[in-house]
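What follows is a set of notes on a single structure, which appears directly below.
The values are calculated or read from the model by the stated rules, or taken from the named source; none is laboratory data. This is a predicted model, so every value here is computed, not measured. As a convention, Cβ positions derive from the backbone with ideal geometry for all residues, glycine included, and neighbour counts pool all protein chains shown.
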Amino acid sequence: MCRDSVGMTESIVVTDGLTKRYGDRTAVDDVSLTVRRGEVFGFLGPNGAGKTTTLRMLLGLVRPTRGTATVLGERPGNPSAVARTGALVEGPGFYPYLSGRDNLRVMARYQGSAEVTVDTALERVDLAARGRDAFRSYSLGMKQRLGVASALLGDPELLVLDEPTNGLDPAGMADMRKLIVEMAGHGRTVLLSSHLLGEVQEICDRVGVIANGRLLAEGTVTELRGGSGLFVRGEPVDVALAVAMHVAGEGGVRQLDGGVYVDLLVERAPELARELVSSGVDIQEIRPSERSLEDAFLEMTDGSGWTASEENPS
Amino acid sequence: MTVTTGWEPVRTVERPTGAGALWASVRAEMLRLRAWPAVWVLAGVWLALNLTFAYVFNYIAYTTGSGNFGTGEATDALLADLLPDAIPRVFTGGLPMFGGAIMMILGALAASSGFGWGTWKTVLTQCPGRLVAFGGTLLALALVVVAILIAQLVLDVGASALIATAESQALVWPDVGELAPSVGGGLLISATWAAAGVLIGVLTRSPALAVGLGLVWSLVVENLLRGVAGLIDGMDYVTNVLPGTAAGSMAGALGATAESGGDGAPGVLTVLSGGESALLLAVYVVVFLMAAALTMRRRDLA
């Protein structure tokens, strides 16, 4: 579902060396990233990687220890930026004794926007039927959806959604992803964080990978996955390995799953096959192999990537 | 999540700024305070306490001829305090300690519950500026305090008129010139305690801790300090300017019977003059709220 990001050149969010320390602990370390207009930008990382702290800094909730951030051309927390941004950060926070609808009415009043937008927002997240029930009676998924509805109030240009599918059932997750893609399709920019690789791979145009507070990579899903390669299985393995290294260079070859991964374009498969056969290798299998984002992510974080590629070709 | 409404093209949003934004925050906060059961419970408890201790018990004491709580106050004087024209001097009698404690709980809950619920975080991502949001909360809280005192005044007028009628006394309404300073003094006392509650609430970020610490201070610590002031030289310089002393002196200056008299309301004092206590209370309100606002403005909402 990835869409072409060509033409999305206007930067909506820019951070430069953004750092947040709590005592000795560095929660976010020197993060520099750019989110462009109209894209779905995925902030990907394991729990505790610093995603939420970064989003909080972008919303003006937390002051950076060092570095700068610009949101919609303003500093974070600036009234003009706040008015054009909708956010759900670290779970929904609402008055438990008020109904979902009244909670949104309070937020619409705080915005100074018309309360009629409340019903539209409730419908968009499919909560209109339960809008008059007390927030405390909501399920986890309903609370999450109310949080997204609150972010949608006032029809903001930029949506910052921290783990928006948390607590949702599979159908709810699919609906939420559809909503996010649709918003981007209508010119909104979405910055979402997630620890779910599949989710990010499915809906994000570009991704920033964060672990231990550091931004490890930023790019399109395709860029991060890297180019596709070839998987070869043949006997004897050492000869196959030597031939592959001869063709693709030493750095372009890895042994895995009883075979060899070769960093070569698929178009060069016949050339590799010829070399293997002429060197006396019995080829049992040769096929294109594409890394999933998960592999790329695991490789970036602890070097244990590639292993899952055979089970999860994408 | 069926999409039932089409998306408009992205457009520039017009949002209120300055005083308009502050008014928007007040409206938002009023909506949620008005619907909050805790606010109604606190207001109800205070109004019931006031009615019971200022009128019901004293009227029973008068009709049974037992004097004020058995202390033997002349029954005529007892009846005089229950009539409408006595409202200016009895209005603030319960406020320094009991009403003040209720107002402090109100302020503490209003300011601190948003940290636990995560509503401050949500509000600050919707509202143009922290001080606008916090200012809205303070003004809405002020409106609630004013409403509670107006309700107290209405109840006092009703109860005293009923007693006057039952006892065949002439209905002499209080002089506005006396009533206005009394209600104003009541407002200052209430505002001071509510502001103290807000500050403790913002500092602790926890409703339970804020309410607990605030009550220990207002009901216990201040009284103990005033108790030891006579034993330690110079201690009275400190105890004379505590918020509770100022609140108690305000009520005392407005005519409420001081606790030192033996049959006065707890917390009512005659340490400071009316002017001194009014000034001190006003200073406390400003200092408490400034400190709370500065903390709100600077703090990380993690």
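Worth a mention:
- Test result for residue B:122, over 24 Å from the mean Cα position of the chain (by Cα), within 14 Å of chain A (Cβ to nearest Cβ) and among the polar types (S, T, N, Q): yes
- Residue match in region B:93-116 (condition: without any contact (Cβ under 8 Å) to a residue 40 or more places away in the chain, within 14 Å of chain A (Cβ to nearest Cβ), out of contact with any helix residue (DSSP H, G or I) (no Cβ under 8 Å at 6 or more places or on another chain) and of a type in the set (Phe, Trp, Tyr)): no
- Every condition in (1) among the polar types (S, T, N, Q); (2) more than 17 Å from the chain's Cα centre (by Cα); (3) not in a loop (DSSP other than H, G, I, E, B) holds for residue B:277 except the one numbered (2).
- Matching residues, region A:92-122, being among the acidic types (Asp, Glu) and either at the interface with chain B (Cβ under 8 Å from one of its Cβ atoms) or buried (at least 20 other Cβ atoms within 10 Å of the Cβ) (or both): A:102
- For region A:173-193, the set of residues classified as more than 9 Å from chain B (Cβ to nearest Cβ), buried (at least 24 other Cβ atoms within 10 Å of the Cβ) and of a type outside the set (Val, Ile, Thr) consists of A:191, A:192, A:193, listed by residue number.
- When the residues of region A:21-54 are filtered to those that are more than 14 Å from every other protein chain (Cβ to nearest Cβ) and part of a loop (DSSP other than H, G, I, E, B), the one that is nearest to the chain's Cα centre (by Cα) is A:45.
- Filter result (within 7 Å of chain B (Cβ to nearest Cβ), outside any strand (DSSP E or B) and either at pLDDT below 90 or within 22 Å of residue B:31 (Cα to Cα) (or both)) within region A:81-91: A:82, A:83, A:91
- Highlighted here are the helices (runs of 4 or more DSSP H) found entirely within region B:1-73 that include at least 3 residues which are at negative phi, surrounded by 18 or more Cβ atoms within 10 Å (Cβ to Cβ) and at pLDDT 95 or above: B:19-34, B:37-51.
- Flag: residue B:263 does not match the condition of being at pLDDT below 95, part of a helix (DSSP H, G or I) and charged (D, E, K, R).
- Sole residue being assigned to a helix (DSSP H, G or I), over 26 Å from residue B:143 (Cβ atoms) and not acidic (Asp, Glu), chosen from B:224, B:231, B:203, B:215: B:224
- Any hit, region A:224-234, residues being of a type outside the set (Phe, Trp, Tyr), buried (at least 21 other Cβ atoms within 10 Å of the Cβ), within 30 Å of residue A:39 (Cβ to Cβ) and touching a strand residue (DSSP E or B) at 6+ places or on another chain (Cβ under 9 Å): yes
- Residue check, residue B:134 modelled with pLDDT under 95 and part of a helix (DSSP H, G or I): no
- Residue B:241 more than 23 Å from residue B:100 (Cβ to Cβ) and not in a helix (DSSP H, G or I): no
- Criterion: out of contact with any Ser or Thr (no Cβ under 8 Å at 6 or more places or on another chain) and more than 30 Å from residue A:292 (Cβ to Cβ) - qualifying residue of A:191, A:127: A:127
- Residue within region A:220-230 that is of a type in the set (Val, Ile, Thr) and assigned to a strand (DSSP E or B) present: yes
- Scan of region A:153-172 for residues that are more than 12 Å from the chain's Cα centre (by Cα), more than 10 Å from chain B (Cβ to nearest Cβ) and of a type in the set (A, V, I, L, M, F, W, C), ordered by number: A:159
- Flag for residue A:220 being in the same structural domain as residue A:154 (by TED's automatic domain parsing), at pLDDT below 90, more than 11 Å from residue A:164 (Cα to Cα) and among the β-branched types (Val, Ile, Thr): yes
- Residue list for region B:74-131, filter: in contact with a Gly (Cβ under 7 Å, 6 or more places away or on another chain), under 30 Å from residue A:85 (Cα atoms) and not in a helix (DSSP H, G or I): B:118
- Which listed residue, of A:116, A:106, A:89, is in the same structural domain as residue A:153 (by TED's automatic domain parsing) and closer than 29 Å to residue A:19 by Cα: A:89
- Residue count, region B:118-163 (criterion: buried (at least 19 other Cβ atoms within 10 Å of the Cβ) and more than 24 Å from residue B:185 (Cβ to Cβ)): 18
- From A:240, A:273, residue being touching a strand residue (DSSP E or B) at 6+ places or on another chain (Cβ under 8 Å) and buried (at least 20 other Cβ atoms within 10 Å of the Cβ): A:240
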